[in-house]
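Only one structure is covered here, and it is reproduced in the block below.
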Amino acid sequence: MRVTFTVNGRPTEADDVWEGESLLYVLRERVGLPGSKNACEQGECGSCTVYLDGAPVCACLVAAGQVQDRAVGTVEGLADGDTLDPVQQAFVDAGAVQCGFCTPGLLVQTHDLLNRAHHPSDAEIREALSGNLCRCTGYEKIMDAVRLAAARKADARGTAPAGSEG
Amino acid sequence: MEFLRPATWEEALAVKAQHPSAVPIAGGTDVMVELNFDRRRPDALVDLNRIRELHEWRIEDDDTVRLGASVPYARIIEALHDRLPGLSLGARTVGSPQIRNRGSVGGNLGGASPAGDAHPPLLASGATVEAASVRGTRLIPIDDFYLGVKRNALEPDELIRAVHIPSATGPQQFAKIGTRNAMVIAVCSFAVALHPHTRDVRTGIGSAAPTPRRAREAEEFIRAELDESGLWTSGGELPRAAARRFGELVAGAAAPIDDVRGSAAYRRHALAVLARRTLLWTWNDHRATGRAAA
Ligand SMILES: Cc1cc2nc3c(=O)[nH]c(=O)nc-3n(C[C@H](O)[C@H](O)[C@H](O)COP(=O)(O)OP(=O)(O)OC[C@H]3O[C@@H](n4cnc5c(N)ncnc54)[C@H](O)[C@@H]3O)c2cc1C
Ligand code: FES
Ligand code: FES
């Protein structure tokens with residue numbers, strides 16, 4: 001079947017999609033966006049996290065046909081041209097990337113967290129990232145990266161972390 | 001395989017009547033795992049995502065929440081935690097944020113896994129499942145919904161349209177045992193709801209029997225205990241011995257098995273502890289807030 005949807009704002013068509021195929025497979029194998037990673041195909045690892053109509057979901061658990069006429073956002077859509085999103089830049093600067101397999105999912109999930117909570121507590125960060133597994137970093141650098149991204153975004157907005165906005 | 005995309009509820013019923021073996025897919029968090037791992041190869045999928053009303057909820061005149069089958073857990077937690085505290089607590093323990101953005105109570109009921117986290121709170125609240133087919137609509141009391149391991153009372157041509165859940169009139173609790181705080185299938189779980197207006201206490205046990213079930217003997221015991229000692233009126237402290245006995249009776253109502261997640265003996269022990277604690281929490285909560293408000 002054919003599936004028509006938008007990815008990162010761009011109208012996209014995927015052909016010869018098998019009816020039981022996942023959105024993750026369509027993104028990686030049919031529309032040339034391999035940023036979202038396939039590590040478990042059962043919702044456990046979060047490395048395939050993408051936005052579906054603005055909410056982060058596991059792309060491996062969305063049937064391709066379900067995204068017909070809907071909007072998908074992937075890690076490839078976070079950067080603005082050559083300028084990384086503050087979340088991406090913070091992951092680089094904090095050394096939160098080792099093998100990098102978990103990174104795309106963590107970036108999308110963190111991006112969503114910081115859109116909703118401007119000054120998340122550590123507990124909120126851990127909760128938001130509880131569905132994203134990383135086998136390399138031990139998570140401390142990831143925590144650092146999220147705190148750094150939150151602080152930089154607050155700076156850019158000119159707000160101090162008073163904890164009242166989140 | 002066919003991918004069927006009804007745009008309206010009526011169309012969905014017609015499609016299901018024509019293809020009774022077609023598998024409905026809502027959040028997909030159960031269905032897609034089975035497809036990805038080739039555990040299931042249905043002739044057809046029926047996508048329910050396009051049917052708007054399944055994602056909506058409303059409050060009926062009698063204060064019952066009519067929860068559309070596909071409303072994701074994240075929405076329940078956000079919008080209904082006051083009215084449905086037990087279900088919201090259960091919803092908070094489901095998977096991860098990504099899973100809660102897609103997974104739904106309709107899907108939990110459709111799968112009818114004994115470990116599903118929506119089931120114990122639905123049992124404790126006294127919910128009703130609205131099932132429909134081209135033949136008409138049935139309101140199935142939750143007590144009659146679970147028939148066996150992953151088997152429910154739906155006919156092949158039926159779909160779940162909504163779940164009717166009375167708004168809480170007293171404190172509710174849900175507790176779940178697992179190896180970590182997120183992403184765990186319950187080793188066992190327990191929900192309790194106080195219903196002060198009827199002086200009832202209702203329960204739900206998860207992951208400790210072939211189906212989710214109530215602990216009726218425990219409910220009757222604590223109902224009699226509260227009545228006889230006049231505690232609903234006095235608002236007195238619940239005797240610890242009564243809470244302990246309640247816990248034992250809950251454990252006695254379970255029929256757990258040994259499996260990779262835990263032994264039957266552990267499940268029974270844990271249930272007794274969860275039941276005793278959650279009963280005390282709800283009772284103390286009722287004493288502190290419920291009576292003041294009443
Ligand atoms: C990583 C991960 C973690 C999880 N953790 C938990 C957890 O902690 N607790 C828990 O309870 N569950 C958990 N689950 C299981 C799953 O998320 C839940 O069962 C969820 O409620 C399923 O909802 P869904 O909308 O995604 O269902 P789907 O996968 O779309 O459907 C599930 C079943 O219900 C049927 N169905 C769906 N909608 C209807 C309808 N309207 N009428 C009739 N049948 C219907 C489908 O045909 C299918 O059989 C987890 C799953 C994953 C992948
Ligand atoms: S690949 Fe989707 S959650 Fe692991
Ligand atoms: S960096 Fe390797 S899995 Fe996270």
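The values are calculated or read from the model by the stated rules, or taken from the named source; none is laboratory data. Predicted model, so just to flag it, every value in this text is computed and none were measured. When we count neighbours, we look across all protein chains shown, and the Cβ atoms used for this are built from the backbone with ideal geometry, even at glycine. Heads up: the accessible areas ignore ligands, DNA and RNA and are worked out on the full protein's heavy atoms, side chains in. Shrake-Rupley method; radii C 1.70, N 1.55, O 1.52, S 1.80 Å.
Going through (1) within 13 Å of the chain's Cα centre (by Cα); (2) facing chain B (nearest Cβ under 9 Å); (3) within 16 Å of ligand 3 (Cβ to nearest atom) one by one, A:Val57 falls short only on (3).
Might you let me know whether segment A:44-54 holds any residue that is within 14 Å of chain B (Cβ to nearest Cβ), open to solvent by 50 Å² or more (accessible area, probe 1.4 Å) and away from ligand 1 (no atom under 16 Å from the Cβ)? Yes - at least one qualifying residue is present in segment A:44-54. Among the candidates B:Gly28, B:Gly95, B:Gly86, the residue that is in a helix (DSSP H, G or I) and surrounded by 19 or more Cβ atoms within 10 Å (Cβ to Cβ) is uniquely B:Gly86. Looking across segment B:152-177, just one residue is free of Cβ contacts under 8 Å to residues at least 60 places away in the same chain and either out of contact with any strand residue (DSSP E or B) (no Cβ under 9 Å at 6 or more places or on another chain) or within 21 Å of B:Arg58 (Cα to Cα) (or both), and that is B:Thr169. Filtered by the rule that a residue be within 11 Å of another protein chain (Cβ to nearest Cβ), open to solvent by 50 Å² or more (accessible area, probe 1.4 Å) and more than 10 Å from ligand 2 (Cβ to nearest atom), segment A:14-43 gives A:Trp18, A:Tyr25. Test B:Leu67 against the criterion of being within 11 Å of ligand 1 (Cβ to nearest atom), hydrophobic (A, V, I, L, M, F, W, C), in contact (Cβ under 8 Å) with a residue 40 or more places away in the chain and not assigned by TED's automatic domain parsing to the domain that holds B:Ala255, and give yes or no. Against the criterion (within 11 Å of ligand 1 (Cβ to nearest atom), hydrophobic (A, V, I, L, M, F, W, C), in contact (Cβ under 8 Å) with a residue 40 or more places away in the chain and not assigned by TED's automatic domain parsing to the domain that holds B:Ala255), B:Leu67 does not qualify. Evaluation of B:Asp38 against the conditions (1) touching a strand residue (DSSP E or B) at 6+ places or on another chain (Cβ under 9 Å); (2) open to solvent by 10 Å² or more (accessible area, probe 1.4 Å); (3) on the phi > 0 side of the Ramachandran plot shows that the sole unmet condition is (1). Quick check on segment A:83-105: of everything there that is farther than 12 Å from A:Thr137 by Cα, away from ligand 1 (no atom under 16 Å from the Cβ) and touching a residue at least 12 places away in the same chain (Cβ under 8 Å), which residue is surrounded by the fewest Cβ atoms within 10 Å (Cβ to Cβ)? Here the residue is A:Asp93. Residues that are within 20 Å of B:Leu271 (Cα to Cα), more than 14 Å from chain A (Cβ to nearest Cβ) and not hydroxyl-bearing (Ser, Thr, Tyr) number at least 1 in the following strands (runs of 3 or more DSSP E) confined to segment B:143-185: B:172-177.
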